[in-house]
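Take a look at the structure set out below.
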Amino acid sequence: MADTYETGGTDGPSGTPGPKLPQDIVDEYAALGTDLPALFSAGHLGIRMGIEITEASADRVVGTMPVEGNTQPYGLLHGGASAVLAETLGSVGAMLHGRSGKIAVGVDLNCTHHRGLSSGTVTGVATPVHRGRSTTTHEIVISDEQGRRVCTARLTCLLRDAPAPTR
């Protein structure tokens, strides 16, 4: 396994340390002037939902999301919130597989919701099922704080050529 680098400062929305990342990937993106943790945020949506990536490599991506603020009218974790967490984690895994020469674009996502939650934090773990030259598929398992499966998702991403850097 490659050496990992824990980003300094408080990169997560709740002031937590940034994700553990393989050092070679940190170096590759830093040479391009790219803020790698910013790529992992799922943009404004991920920030608004409180998604935090805690570990990231091409082999495994782990992230958390609070249930509070991400519920449907019945007070249960919204299925769409689980889908956003799943797509975020799978896309990060696809991006890390494709490296800096590719961008990952989700083309298929399906989610099966196994149990409802009204509080706490969920943790998602994305692992690759297929890693090819032009597509990746990840299984994402979302669990509650007791380790019970809340949602199982599968995401397929298309790996497109990254645009040439502007200088």
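The values are calculated or read from the model by the stated rules, or taken from the named source; none is laboratory data. Quick caveat, the model's predicted, so the values are computed rather than measured. For neighbour counting, all protein chains shown are included, and Cβ atoms are generated from backbone atoms with ideal geometry for every residue, glycine included. Only protein heavy atoms, including side chains, enter the accessible area calculation; ligands, DNA and RNA are left aside. Shrake-Rupley method; radii C 1.70, N 1.55, O 1.52, S 1.80 Å.
Here T112 meets the list (1) assigned to a strand (DSSP E or B); (2) open to solvent by 60 Å² or more (accessible area, probe 1.4 Å); (3) in contact with a helix residue (DSSP H, G or I) (Cβ under 9 Å, 6 or more places away or on another chain) almost entirely, failing just condition (3).
Applying a threshold of 8 Å to beta carbon distances and a minimum spacing of six or more residues, or different chains, the list of pairs starting in segment 147-158 at a residue that is within 18 Å of L76 (Cα to Cα) and ending at one that is basic (K, R) and at pLDDT 95 or above reads R148/R115; R149/R115; V150/R115.
Here is a yes/no grid of residues against (1) assigned to a loop (DSSP other than H, G, I, E, B); (2) hydroxyl-bearing (S, T, Y):
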| site | (1), (2) |
| --- | --- |
| D24 | no, no |
| T34 | yes, yes |
| G69 | yes, no |
| A86 | no, no |
| V105 | no, no |
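Taking every residue in segment 47-58 that is on the phi > 0 side of the Ramachandran plot and of a type outside the set (S, T, N, Q) and pairing it with any residue that is open to solvent by 20 Å² or more (accessible area, probe 1.4 Å) and assigned to a loop (DSSP other than H, G, I, E, B), at least 6 positions away or on another chain, the pairs with Cβ-Cβ distances below 6 Å are G50/P13. Does at least one position in segment 96-103 carry a residue that is surrounded by fewer than 13 Cβ atoms within 10 Å (Cβ to Cβ) and without any contact (Cβ under 8 Å) to a residue 60 or more places away in the chain? Checked segment 96-103: no residue is surrounded by fewer than 13 Cβ atoms within 10 Å (Cβ to Cβ) and without any contact (Cβ under 8 Å) to a residue 60 or more places away in the chain. Given the structure, is S118 touching a Phe, Trp or Tyr at 6+ places or on another chain (Cβ under 9 Å) and open to solvent by 30 Å² or more (accessible area, probe 1.4 Å)? Against the criterion (touching a Phe, Trp or Tyr at 6+ places or on another chain (Cβ under 9 Å) and open to solvent by 30 Å² or more (accessible area, probe 1.4 Å)), S118 qualifies.
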